[in-house]
Amino acid sequence: MIEPRKTFAIISHPDAGKTTLTEKLLYFGGAIHEAGMVKSRKSARQATSDWMEIERQRGISVTSSVMQFSYSGYHINILDTPGHQDFSEDTYRTLTAADSAVMLIDAAKGVEPQTIKLFEVCRMRNIPIFTFINKMDREARDPLSLLEELEEVLGIRSCPMNWPIGSGMDFQGVYDRNKKNVELFKRHEQNSRRILPVFQDEQSDGEVHSIIGESLFEKLAEDVDLLDIAGDPFDKEKVDKGELTPVFFGSALTNFGVQSFLEYFLELAPAPGPRMSDKGLIEPDHSKFSGFIFKIQANMNPAHRDRIAFLRICSGTFSRGMTVQQVRTGKKIKLSQPQQFLAQERNIVEDAHPGDIIGLFDPGTFVIGDTLCEGNTGFTFGGIPHFSPEIFARVRTKDAMKHKQFHKGVEQLTEEGAVQLFTSTGPGAENSIIGVVGQLQLEVFQYRLRNEYGVEVEIQPLGYELARWIKGNKKPDELNLIQYGGSLLVKDREERPVVLLENEFAERWAKEKNPDVEFVSTSYD
Ligand code: G4P
């Protein structure tokens, strides 16, 4: 029997604990054996970060991979969403391949900027979002105010599945609202769980009372009543639509609450569902294999110019060596060396199923959004949107003799999705403008032009932060926009009009002055 799949991404702001949580999850899956052993974890991390630095100099983001493991009869695929300096369009694109997301929040900090951006992408797809509020072993903000923030900042209702008892030095554990028990926190006894029933009879109440103390017990009883009366009830349908997020409190570092989170998550998170194509919904049990490419990662090693294209399987069964059709070109391609990933290790995969991610050797054949199908089924999955870049720069070659290579390089890297390309319509239109969402993406672009096309480029940063695709009947030059550098009209690669804006203020201004025009932050090819 094929193990049911759960394919998800963890979204968070840097330092919220994504690496730590991922390690604990891998540990439960038996994929690693060192979770909880802080020392070895630290040394392991040291090694990883050294390696990352080397890779960074070579211009590649290595952390962007897929981790897979089995737990309790499920096959789990965690899609890593690169953060820190690695933040790039890949981070967003990866979310298009996930069936759900785990939103990790630092209990002392609440909702942070990167979380908001990633949340918005999940929201676009209406995928279920599970919240893990981390670092309860440290001083934390009031749990109710954290839930309020989810609603106010992200606009999502929440339903706490468990409830913390104290925080920081006073942290005693969490109360499971469904099972009516408490899981006790033992600072120095990680990986062992002590669970006691509560609010069921006097005897069990007495035991919990004596352990957590009078005031925390009373506070817990009050909180639980309040949540029952005033909180949103659990509603699976709303969770499935991404309208309500189940919330769990815990501490990844001390491995507290992670296992029960994982168990609830596996029960509630969706299995791979149908995906929209131009011929209607394609169900995962559709007899023919199909999937789409959501990310292409270049290999910076000059000895290996190949790339890896990441494919999410949507239907049918993949088996090694099968021949598929690339729908865009009609080409038949034999997939002989597909890879699956566990952190940095890559294994050749023999077969794979809907929800799984495989890495395909790519000598330059694939583009982001490509659909691959078995036989001549000929449908195409909806494309992967372009997200508004946040950094814009004019680029030109330093060497006038290398125009041709420069244009070829820019064209190919744009096609691959490494950067977005815009051209300005006004004076100075000879310059190309590129847009990226992270600084590293820009460095990679520069590096690859030099190494793969032999072109040194000059990069002149522009002071814009947003790109908005213009929809409506007005001609772009009839728009009422802030003059003198507040905005710039450009075209994207498909010749669609786009306005680059300095900031959100400029965007609001543009919207107010042009009420009959829509300013859209994502676009589809
Ligand atoms: P990230 O991938 O989201 O960037 O976060 P990462 O897991 O690297 O965690 C960031 C820091 O937060 C790390 O500390 C980590 O140990 C700590 N941390 C993660 N989860 C918890 C938690 O539940 N409780 C507490 N108290 N700390 C947590 P660091 O000092 O930056 O790194 P390290 O030296 O401990 O490895």
**Request:** Please determine, in degrees from 0 to 90 and to the nearest 10, the orientation of helix 38-58 with respect to the longest principal axis defined by the Cα atoms of the chain, where the helix direction is its Cα long axis.
**Result:** 10 degrees
**Request:** Could you tell me, in Å, what Rg and Dmax come out for the Cα atoms of the stretch 177-219?
**Result:** 10.8, 29
**Message:** Please give me the summed charge of the neighbours of ILE459: other residues whose Cβ is under 11 Å from its Cβ, Lys and Arg +1, Asp and Glu -1.
**Reply:** 0
**For ARG138, distant residues with modelled amide H under 5 Å away** = GLY168
**Asked** Counting each DSSP H run of 4 or more residues in the chain as -39500 (n - 2.57), what helix-only mean residue ellipticity at 222 nm follows after dividing by all residues, to the nearest 500 deg cm²/dmol?
**Response** -8500 deg cm²/dmol
**Asked** Between THR380 and residues 5 or more places away or on another chain, which pairs have amide H atoms under 5 Å apart, with H built 1.01 Å from N, and which residues are they?
**Response** ASP278, LYS279
**Amide H within-cut-off set for PHE249, under 5 Å, with H built and near neighbours excluded** = ILE133, ASN162
**Prompt:** Using just the C-alpha positions of the stretch 385-524 as equal point scatterers, what log10 of I(q)/I(0) does the Debye formula give at each q in 0.09, 0.13, 0.14, 0.22 1/Å?
**Reply:** -0.27, -0.54, -0.62, -1.37
**Asked** To the nearest 10 degrees, how steep is helix 439-453 against the longest Cα principal axis of the chain, on a 0 to 90 scale?
**Response** 40 degrees
**Cα shape, the stretch 392-444, gyration tensor, a/c 1.5 rule** = oblate
**Prompt:** Which residues make up the longest stretch of the chain clear of chymotrypsin sites (Phe, Trp or Tyr not before Pro) that lie in a DSSP loop with no more than 14 other Cβ atoms within 10 Å, not counting the sites?
**Reply:** 1-483
**Prompt:** What full-extension length gain, to one decimal in nm, is calculated for GLU189 and LEU281 as 0.36 nm per residue of separation minus the Cα-Cα distance?
**Reply:** 28.2 nm
**Message:** Please compute the Kirkwood hydrodynamic radius over the chain, one decimal place, Å, based on all pairs of different Cα atoms.
**Reply:** 24.9 Å
**Prompt:** Roughly how tilted is helix 214-230, in degrees to the nearest 10 and between 0 and 90, from the longest Cα axis of the chain?
**Reply:** 60 degrees
**Fill in**
Here, trypsin sites (Lys or Arg not before Pro) of the stretch 158-189 satisfying both criteria (DSSP loop; at most 12 other Cβ within 10 Å) are ARG187
**Prompt:** What list of ³J(HN,Hα) couplings, whole Hz, do you get for the stretch 151-158 from phi and the Karplus terms 6.51, -1.76, 1.60, once you set θ to phi - 60° and write x for glycine and proline?
**Reply:** 6, 6, 7, 9, x, 10, 6, 10
**Rounded to whole Hz, the Karplus (6.51, -1.76, 1.60) HN-Hα couplings of the stretch 135-142, x for glycine and proline** = 6, 5, 6, 10, 3, 10, 6, 4
**Fill in**
With x for Gly and Pro, the residue-by-residue ³J(HN,Hα) of the stretch 197-205, computed from phi through the Karplus equation 6.51 cos²θ - 1.76 cosθ + 1.60 at θ = phi - 60° and given in whole Hz, is x, 8, 6, 10, 8, 4, 5, 5, 4
**Asked** Relative contact order (percent) for the chain, with alpha-carbon contacts under 8 angstrom and 6 or more residues of separation?
**Response** 13 percent
**Links that overshoot a 26 Å alpha carbon limit, given the list LYS117/LYS238; LYS117/LYS398; LYS117/LYS180; LYS117/LYS471; LYS186/LYS241; LYS475/LYS513** = LYS117/LYS398; LYS117/LYS180; LYS186/LYS241
**Prompt:** Which longest uninterrupted range of the chain lacks any GluC sites (Glu not before Pro) assigned by DSSP to a loop state (not H, G, I, E or B) and surrounded by at most 15 other Cβ atoms within 10 Å?
**Reply:** 190-349
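Where a number appears in this text, it was derived from the coordinates with a stated rule and is not lab data. Keep in mind that what you see is a predicted model, and the values were worked out from it rather than measured. Note: ideal-geometry Cβ built from the backbone for every residue, glycine included; neighbour counts use all protein chains shown.
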